[in-house]
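**Student:** Got a structure for you, questions after.
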Amino acid sequence: MFWRMAGLAQASPVESVLDRDDFTLQDLMEEEDLIQECKSLNGRLVAFLREPAQVAALVDYVVEDAPEDADETRRFKYPFVACEVFTCEIDAIFATLLEDEELVAKLFSYLDRPVPLAPLQAGYFSKVVGVLLSRRTVDTMKYLEEHQADILPKLARHIGTTSVLVEVMLRLVGADEQLATFHPNAVTWVADTKLVELVLEQLQPDRPLEVHQNAGLMLQAIARTATGDLSRQLASADVVHRLVDAGLATPHTADEDDDTEVIIQPRKKEGVAEADAEGNTKEAGTEDADGGDENAAPSALSDVVVYPTANQLLAHAAQVLIAILEPRPPPTPMGIDAHMALQGMAGIESVMAEVESELATPEVIEACLESLTRLVPRLEAPSEPAELPTTFTTLKTPLGTHRLRVVELVASLVQVGEGLALDAAADSGAMARCLELFVEFPFNNFLHHPVEAIVASTLENGS
């Protein structure tokens, strides 16, 4: 009840269960008031849930699959309630979990599963680990540090699962503001690992699109994070060349001559056989004589793999390079409101350009300038232009995200590289092509912004 008054309040159904002599954890999980009672720190309830056997059962509900003959309550409600109990942030339950290394190992054993993870269950696992990282940072980070050789490769392998990326991996690199502020030393050990290398390995053309997207976001977070030791691993010519190679790689498509469409391929289901009406067995997902697939489910996202196109590969790699080159915020004691106001002011590009980038070393800038000649051809219009109807007119050849990212990369290079970068941009034809695109797309403000920065940097340097 929301309103409880002395003499009028009704006893919670959870109390009725706790008054029984033979109640079980499942009996409590059936009650709708369980989460509310956990949040109100019901003493009798917390004393029961903190028992090692009950915490182990809650972990099982989060990471273990339900039996095939289980009902919907076991398959859906119990995992959800178990996850919510952990997210109530009851310190006694966390203490029981973290004091037993076998229980923590069972929790992280969920990462042993093959790719891809089930989105719903992966969300429960990531939410529980995320709460542990936020509320019991020191203990959780200590466990991760002691088992880094086993856990980090598994996390990188599952980087395509967005919940794992957001709740776990970004916190590991200090991208979580609360963790980086109150526990800055808890993430220093990550700089001594091969996490950057593990994430870079995921930028292969045969990886699914969501893997490329999340790996790019991860590298951008590392480049922008406040823990400089880890981000400095990106400040090398080798990393720049690997990113450019990944961006210009041949996409993983059935027809390499046509990469304008996202390629969707059925995900193989190994060892799964089904019987038809006549008793003949066949592998799941195989075609019938007429070429159809009785078991195909086009609407099921878990049954398809989406691979990135050539344009998407380039856009993801360019975004990481931009994050490496961009200057850090001014290291002044200005308040947050003043900094936000500064970001909204006109001419912020010139203000930020005066701040040196920690990662844009001469080695990195030189490697980027060497790659300009390989990137400029991608600024040209495709051989087979596509039409994009807009409210104003029909665009015969849309700009595309990949070309926009390349222009932004040129603008970042010009701002941090000054005269040397201006000469390289002019010699490679990048500057001329950017100006042509500026005229070709007169209503694209996203494009005009970086081109304006290129022109402003050129005029400021007197070139």
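**Student:** Beyond 23 Å, what percent of the Cα pairs of the stretch 23-119 remain? Provide the component values of the computation, followed by the final result.
**Tutor:** Details: 1145 of 4656 pairs.
Summing the P(r) tail past 23 Å for the stretch 23-119 gives 25 percent.
**Student:** Report the extension gain between Asp238 and Asn185 in nm, rounded to one decimal, defined as 0.36 nm multiplied by the number of residues separating them, less their alpha carbon distance. Don't skip to the answer; put the middle values down first.
**Tutor:** On the way: separation 53, 0.36 × 53 = 19.08 nm, distance 2.83 nm.
Fully extending the segment from Asp238 to Asn185 adds 16.2 nm.
**Student:** On to the next question. How much length would be gained if the chain were fully extended between Glu102 and Val138, taking 0.36 nm per residue of separation minus their Cα-Cα distance, in nm to one decimal?
**Tutor:** Values: separation 36, 0.36 × 36 = 12.96 nm, distance 1.80 nm.
Residue separation times 0.36 nm, minus the Cα-Cα distance, leaves 11.2 nm.
**Student:** On to the next question. So how do 14-25, 441-452 stack up, highest first, on mean other-Cβ count within 10 Å?
**Tutor:** Values: 14-25: 13.2, 441-452: 15.0.
For the peptides 14-25, 441-452, the packing ranking is 441-452, 14-25.
**Student:** Divide the volume of the convex hull of the Cα atoms of the stretch 116-168 by its number of residues and quote the answer in cubic angstrom per residue.
**Tutor:** Measuring per residue, one finds 62 Å³ for the Cα hull of the stretch 116-168.
**Student:** Quick check: residue separation of Val304 and Asp19 times 0.36 nm, minus the Cα distance between them. What number comes out in nm?
**Tutor:** Numbers: separation 285, 0.36 × 285 = 102.60 nm, distance 5.02 nm.
Extra length from Val304 to Asp19 when fully extended: 97.6 nm.
**Student:** Here is a follow-up. Applying a 10 Å radius around every beta-carbon, put 65-73, 109-117 in order of their mean neighbour count, most first. Can you show the working numbers first?
**Tutor:** Values: 65-73: 10.2, 109-117: 15.8.
Listed from highest to lowest mean packing, they are 109-117, 65-73.
**Student:** Give me the net charge for the shell around Ser109: Cβ to Cβ below 13 angstrom, other residues only, Lys and Arg +1, Asp and Glu -1.
**Tutor:** Values: positive: Lys106, Arg113, Lys154; negative: Asp60, Glu64, Asp65, Glu101, Glu102, Asp112, Asp150.
Its environment carries a net charge of -4.
**Student:** Can you figure out the FRET efficiency of Glu32 with Ala95, using R₀ = 30 Å and their beta-carbon distance, to the nearest 0.05? Mind dumping the intermediate values first?
**Tutor:** Details: r = 27 Å, r/R0 = 0.90.
That gives a FRET efficiency of 0.65.
**Student:** Take the Cβ-Cβ distance between Glu145 and Glu460 as r, set R0 to 60 Å, and report the resulting FRET efficiency rounded to the nearest 0.05.
**Tutor:** Numbers: r = 46 Å, r/R0 = 0.77.
After rounding to 0.05, the efficiency reads 0.85.
**Student:** For the pair Ser383 and Lys154, what calculated FRET efficiency results from E = 1/(1 + (r/R0)^6), where r is the Cβ-Cβ distance and R0 = 30 Å, to the nearest 0.05? Don't skip to the end; give the middle numbers.
**Tutor:** On the way: r = 42 Å, r/R0 = 1.41.
Rounded to the nearest 0.05, the efficiency is 0.10.
**Student:** With only alpha-carbon atoms counted, please give the Rg and Dmax of the stretch 115-227, in Å.
**Tutor:** When restricted to the Cα atoms of the stretch 115-227, Rg and Dmax are 13.1, 39 Å.
**Student:** At a probe size of 1.4 Å, how large is the accessible area of Lys39, to the nearest 10 Å²?
**Tutor:** 130
**Student:** Over the stretch 74-129, give the accessible area per residue in Å² for a 1.4 Å probe, as an integer. Walk me through the numbers before you get to the answer.
**Tutor:** Details: 2300 Å² over 56 residues.
In whole numbers, the stretch 74-129 has 41 Å² accessible per residue.
**Student:** Okay, moving on. Starting from the residue with the highest accessible area, list Phe48, Phe182 in decreasing order, probe 1.4 Å. Don't jump to the answer; show the numbers that get you there.
**Tutor:** Values: Phe48 30, Phe182 145 Å².
Listed by decreasing accessible area, they come as Phe182, Phe48.
The values are calculated or read from the model by the stated rules, or taken from the named source; none is laboratory data. The model shown is predicted, which means the values in this text are computed figures rather than measured ones. All Cβ positions, even for glycine, are placed from backbone atoms using ideal geometry, and neighbour counts span all protein chains on display. Accessible surface is based on the protein model in full, side chains and every heavy atom, while ligands, DNA and RNA are left aside. Shrake-Rupley method; radii C 1.70, N 1.55, O 1.52, S 1.80 Å.
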